[in-house]
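Taken together, the values in this text are just the output of simple stated rules run on the coordinates, not laboratory data. Bear in mind the structure is a predicted one, so any value in this text is a computation, not a measurement. Using ideal geometry, Cβ is built from the backbone for each residue, glycine included, and neighbour counts are taken over all protein chains shown.
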Amino acid sequence: MARYIHLGLGVALLAHLSIGAAFADAEECPLDRITFVDSQTGKAFAAMRVAVQYGYDCENGYQESDRPLKDKTECRGPFGETIIEGLLGARTAYAVSTVADALPCCVWYSYSDLASIPYIHEPKWLAPAEVPTAVLENKWFTIGPPNSPYDPDTGPMGGGEFVAKICRPKN
């Protein structure tokens with residue numbers, strides 16, 4: 001079963017076969033191997049590693065996790081943050097997707113350094129086998145653009161629309 005997380009506007013995509021079937025012909029790629037390209041400027045953000053701070057609304061209560069849950073059959077989510085560290089040109093940058101259990105559900109912000117992200121505390125970077133996948137060329141996996149009523153992103157990728165374009169090979 002494919003693993004999906006939401007990375008853009010709209011409702012969070014979860015690991016369900018019905019959603020997976022909708023993307024059957026689309027190329028999936030682990031988030032830590034995607035190069036996102038701004039459609040207007042051509043700037044590229046090459047993801048290098050991923051961390052998550054998720055919460056799941058489960059039948060037996062709310063569960064927090066710094067790893068994607070393997071069995072989510074009794075849970076809704078994930079809700080929370082997906083943190084992507086990568087290179088924007090020659091500089092390190094961070095793209096953070098937040099998915100809330102509310103409407104509007106989702107927003108992206110970018111940062112120049114990890115210490116400036118106010119709600120992230122010492123992320124635990126995922127091993128390559130744990131990294132969620134994204135569908136290339138899909139608006140759900142686009143960093144930006146601004147999502148009203150949220151404040152605009154003023155970070156290094158602010159104002160851009162970075163689309164998941166390239167799946168780099170494993171190292």
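Can you flag which of 70/139; 70/124; 139/170; 43/139 are past 21 Å Cα-Cα?
70/139; 139/170
Arrange the following residues from fewest to most other Cβ atoms within 10 Å of their Cβ: 41, 92, 35. Kindly include the intermediate steps, with their values, before the conclusion.
Details: 41 11, 92 14, 35 19.
Going from sparsest to densest Cβ surroundings: 41, 92, 35.
What ranking do 170, 43, 124 get, fewest neighbouring Cβ atoms within 10 angstrom at the top?
Ascending number of Cβ neighbours within 10 Å: 170, 124, 43.
Could you work out the Kirkwood radius for segment 58-117, taking every pair of different alpha carbons, averaging 1/r and inverting it, reported in Å?
13.4 Å
What spacing in nm lies between the two simple spin-label points modelled at residue 49 and residue 101, each 7 Å away from Cα in the Cβ direction?
With each label placed 7 Å out from Cα toward Cβ, I get 3.0 nm.
Could you pull out which residues in segment 81-120 have an amide N less than 13 Å from a spot 7 Å beyond the Cα of residue 130, following the Cα-Cβ vector?
Those under the cut-off are 83.
What percent of all Cα-Cα pairs in segment 17-167 falls in each 5 Å bin, counting up from 0?
2, 9, 18, 22, 23, 16, 7, 3, 0, 0
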